[in-house]
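Every number in this text was worked out from the coordinates using simple rules, so none of it is lab data. Treat the numbers as computed from the prediction; the structure is a model and nothing was measured. Cβ placement follows ideal geometry from the backbone for every residue including glycine, while neighbour counts extend to all protein chains displayed.
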Amino acid sequence: MGKDKPKKPKSIDDLFKDMQDTHSKDLDAAFKAHDAFTKDENMNHWYNNVFSPAQQGMYDAIKTELDKAFQNDDDSKTEKKKDEIKKAVTAGLKKYFEKAHPGILGKMKDLGLDEKDQYDFLTGMYDEQVGAGKIKGVDSIKAIEELAKGKKTTVGHLKKHVDESRGKYINGALTVLNSRYVQHHFNKFHPTEIAAYLKPNLDKAGFEVEDKLGYATADLSDLLQLRKSLVSGEGHPYLKKKEAKEKK
């Protein structure tokens, strides 16, 4: 019998539990954790089995609530239906977090938030989770509410907006998740320590530092990108290919 594969996370709750239980004692361990987390198989799992189903659940719940409120009429105008829109978004976000991060719903219940506060709480938690306003192209979930204020906006427009937004929200969530995990394993190491750790690998890969100051002052994200470039052999702005030594 082969070695059992590690259990794959079902939600962000599982990831938080893992981060509470595991810490990297040195940079070897930190890079090992980084490589395991960022490999395609793991990223695909988060995309296909966590965030994509969560987005589908959100879309279905918003659609159901809108159909209920507007009598299944996609041509109904939404301009003065603020409460109905907020109710639909709240229902959608509950379905989203039920799949992606159920712990958020548990805390919301513990805090005893009423329906009005639930909308503000859940939209805030969602925006944070997908990187709204921080990642280019990722807008706040509250854009639905703003869109609904348009004189010509219909229920059909809102459904289309929610459906078209899925991809950017999934990718935003993956970016934020990746950043949080990486910071967890690297935040106790100063970037200069990481730069020094990586330097011996440059020679092995056939590179040397061209921009020494840039390399010495690089932040974590730059150093991780540099390391990724070494693996692919593409190089990096801080580096140059070592010149072949002439035979005497």
Can you give me the relative contact order of the range 42-183 as a percent, contacts being Cα pairs under 8 Å and 6 or more apart?
-> 32
Matching label, Rg and Dmax of the Cα atoms in Å computed from the structure shown, candidates (i) 20.6, 87; (ii) 23.1, 86; (iii) 18.0, 62 | (ii)
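Relative to the compact globular guide of 2.2 N^0.38 Å, what is the alpha carbon radius of gyration of the range 42-183, as a ratio? Intermediate results must be reported in sequence, preceding the final value.
On the way: Rg = 14.9 Å, N = 142, 2.2 N^0.38 = 14.5 Å.
Cα-based Rg divided by the globular estimate yields 1.03.
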Could you pull out the pairs from LYS136/LYS212; LYS17/LYS86; LYS82/LYS160; LYS86/LYS109; LYS107/LYS149; LYS7/LYS109 whose alpha carbons sit more than 22 Å apart here?
-> LYS136/LYS212; LYS17/LYS86; LYS107/LYS149; LYS7/LYS109
Along each of the three principal axes of the Cα atoms of the range 157-212, give the extent in whole Å, ordering the values from largest to smallest.
-> 55, 27, 18
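In percent, what relative contact order does the range 139-248 have, based on Cα pairs under 8 Å that are 6 or more apart in sequence? Write out the running numbers ahead of the final one.
Working: 58 pairs, mean separation 23.1, N = 110.
Relative contact order comes out at 21 percent.
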Expressed as an acute angle from 0 to 90° and rounded to the nearest 10, what is the orientation of the C-alpha long axis of helix 191-204 relative to the principal long axis of the chain?
-> 60
For LYS32 and LEU213, FRET efficiency with R0 = 30 Å and r from the beta-carbon atoms, rounded to 0.05?
-> 0.50
Please report how far the C-alpha centroid of the range 136-165 lies from that of the range 16-38, rounded to the nearest whole angstrom.
-> 38
For the chain, longest principal axis from Cα atoms; helix 220-232 axis from its Cα atoms; angle between them, nearest 10 degrees, is 70
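Using helices alone, I'd like the mean residue ellipticity at 222 nm for the chain: each DSSP H run of four-plus residues gives -39500 (n - 2.57), total over residue count, nearest 500. Provide the component values of the computation, followed by the final result.
Details: 12 runs with 162 residues, N = 248.
One gets -21000 deg cm²/dmol as the mean residue ellipticity at 222 nm.
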Compute the long axis of helix 12-21 from its Cα atoms, compare it with the longest principal axis of the Cα atoms of the chain, and write down the angle in degrees, 0 to 90, nearest 10.
-> 40
Between LYS17 and ASP73, with labels modelled 7 Å along Cα→Cβ, what's the label distance in nm to one decimal, could you check?
-> 4.8
